[in-house]
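Structure, as structure tokens:
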Amino acid sequence: MKRSLCVIATFFALCFAQAAELSMKVKCRYLNLPVSHEVERYRLTFKAKGVDDLSVVARLSANPEYWVFKDISAYEGKTLTITFDGPEDALMQVYQADTIRDVASIYRERNRPQFHFSTRRGWINDPNGCIWHNGQYHLYYQHNPFEREWGNMTWGHATSPDLLHWTEQPPVLFPDTLGTMFSGSAVFDKDNTSGFGTKKNPPLVYAYTADRSEKEVQCIAYSLDGGMTLHKYEGNPVIDSHDRWQSRDTRDPRVFWYEPGGHWVLVLNERNGHSIYTSDNLKDWTYRSHVNGFWECPDLFPLPVDGNTKDVRWVMYGASNTYMIGRFDGKVFTPESGKHRFSSGAIYAAQTFNNVPDGRRIQIGWANIDHRGMPFRGQMLLPTELTLRSTKDGVRLVSKPIAEVASLLSPLCSSKDALSSQEANVALNKALPQRGSGEGANCLHLRATLNLTYATSAGLKFDGQTLVDYDLNRNTLNGQFYSPQDPTSLSLTMDIYIDRTSIEVFIDDGLYSYSMERRRAIGAAQNTIPKGFEFWGSDINVTDIRLDAVESCW
Ligand code: FRU
């Protein structure tokens, strides 16, 4: 019996292996594809003359939970053949149109982040290729355009004049025979050292990892139209260090121009830490050195200490927000401090922007937030400005939301007075806009100083969720060790950004920060009355309150 079942299964598998096929002359901008997580992933391929083949996996279903889309402008006028190893009736639902299916609801969804970047459809993770160029910030990102879970790694793309108002652009890098498109970075090759452009039209050059199950290799691509379309270098890969490290984990190239040496630097995570490579032309790379102790997504950048340009240190950074401070001579990074951490919680794989015109070191991180029930997952956190500050513990990274964020705030209430927790709660909750029943939960910013009178614990909740839990007895802040600059201080300053599905907290002007999922937005009962702000703690008072509404960026 088992055997005949097996034969039947194989027969069906073979039927699917024959692959259902759909051909169309491309006349419209988009393909709309129906997706359901009730079904398995099957191979889906796109072929047309003169366009690179694309092979991905998708959960196409004739009973879709939601629809995703693919920009097919590259196939315009051509015959596109789509094959699918899964059920034919699912493939037959796929159609071309000039609009994305359900376009009217995009950016208006119940759990859509309002002032954080998220993608219209599908999954996002790491920020990639962060760069300012010709008046625009470019944010590329790890993206699965075909469903709201990780896979098919593609580089998505968005542009913004101010790092807050983003326009999603068509994806730029798609999986190919070398692998799927893992994380990487972008530089402006203004002297055309790569030869990809001309003196008049120098290229943007991108370094990324192509990932296959057997190994990861480093590749480059370039753009001659300001980052909108990318061309892969035919000499890829430019680095294949699998044999040196006997490891498949060699990824996430971070490239920048090293001015004092007049050469390019590429920092690459390899097995147990970050390696440094150098190049004159972005194509030929020489291995120089390695620092143990990091995993994934390197970053390396100089910053003046306390703004003093005569005292510049280098920060070596890894995906989990840990960093070392040290010296860098263009080839070797020499740590001068142990590992430190300035941020925790949902943040991961953050990257800083190259070429920011006013010289700020701006970082953006990914948060794996589940905007439950939505056809998209993950978001970027607020862009923050990083600085190095002398602290009681030595030089440390400080992270604060970029100044542009203030343009989204409109005051709801403020008070300088010392208010008891009760008084603060009443004042804040009176000032909250009409809250409805959880639908379209408010976006808020609260700044306040919490003053303890006992060395015990105190904090703040919002709608029942703990945002701040400060224990002066244990010196813990939400479970992590925290000791203020003045070790005898009984005060803590908090700067809190509440979006529909995420919350970010910056403590003592950015000396420490953390991020989390906003719980209320997730499956909040339609009819429960939100509790609002609740300061708590024995005999505390709250000063310097400022509550703002945060405007939507969409
Ligand atoms: C970090 C990471 C990177 C990799 C990418 C793949 O989140 O694992 O190391 O390039 O995600 O999506």
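The values are calculated or read from the model by the stated rules, or taken from the named source; none is laboratory data. All figures in this text were calculated on a predicted structure; none of them were measured in a lab. Positions of Cβ are backbone-derived with ideal geometry, glycine not excepted, and every protein chain shown enters the neighbour counts. Each accessible area value is taken on the protein alone, full model and side chains, heavy atoms only, with ligands, DNA and RNA left out. Shrake-Rupley method; radii C 1.70, N 1.55, O 1.52, S 1.80 Å.
Annotations
- Segment 18-104 - accessible surface per residue (Å², probe 1.4 Å): 50
- C-alpha long axis of helix 2-18 to longest principal axis of the chain, angle in °: 80
- Whole-percent pair-distance distribution, where bins are 10 Å wide, for the alpha carbons of segment 239-367: 12, 44, 36, 7, 0
- Of the GluC sites (Glu not before Pro) in segment 455-554, those whose Cβ has at most 15 other Cβ within 10 Å and which sit in DSSP loop: E551
- The loop-placed chymotrypsin sites (Phe, Trp or Tyr not before Pro) in segment 74-113, going by DSSP, that have at most 15 neighbouring Cβ atoms within 10 Å of their Cβ come out as Y107.
- Solvent-free Debye scattering, log10 I(q)/I(0), computed from the Cα coordinates of segment 409-550 at q = 0.16, 0.21 Å⁻¹: -0.81, -1.37
- Kirkwood Rh, angstrom, the chain [1 / mean 1/r, Cα pairs]: 25.3
- Restricting the trypsin sites (Lys or Arg not before Pro) of segment 401-484 to loop positions (DSSP other than H, G, I, E, B) with no more than 11 neighbouring Cβ atoms within 10 Å leaves K416.
- Normalised per residue, the accessible area of segment 105-146 is 22 Å², obtained with a 1.4 Å probe and no contribution from ligands, DNA or RNA.
- Average Cα contact separation per residue, segment 409-550, under 8 Å, 6 or more apart, as relative contact order %: 44
- In segment 130-274, the convex hull through the Cα atoms has an average projected area of 9.9 nm², a quarter of its surface area.
- Each residue of segment 18-104 gets 80 Å³ once the volume of the Cα convex hull is shared out per residue.
- Under a model in which nothing but the beta-carbon of Lys, Arg (+1) and Asp, Glu (-1) is charged, the chain shows a dipole of about 540 debye around its Cα centre.
- The angle between the Cα long axis of helix 421-431 and the main principal axis of the chain comes to about 50°, on a 0 to 90 degree scale.
- Segment 409-550 - accessible surface per residue (Å², probe 1.4 Å): 42
- Dividing the mean sequence gap of close Cα pairs (under 8 Å, 6+ apart) by how many residues segment 18-104 holds gives a relative contact order of 47 percent.
- Bridgeable lysines around K27 (alpha carbons under 18 Å apart, same-chain partners fewer than 8 residues away excluded): K47, K49, K70, K78.
- Full-extension gain in nm, E423 to D52, via 0.36 nm per residue minus C-alpha separation: 127.1 nm
- Of the solvent-accessible surface of segment 409-550, computed with a 1.4 Å probe and all protein chains present, 48% belongs to carbon and sulfur.
- Segment 18-104, accessible surface, carbon-and-sulfur percent (1.4 angstrom probe): 43
- Value of relative contact order over the chain, rounded to a whole percent, pairs C-alpha under 8 Å and six or more apart: 11
- Computed label-point distance, nm, for sites S337 and E38 using a 7 Å Cα→Cβ extension: 5.4
- Stretching the chain fully between K27 and Q136 yields a gain of 36.2 nm (0.36 nm per residue, less the alpha carbon separation).
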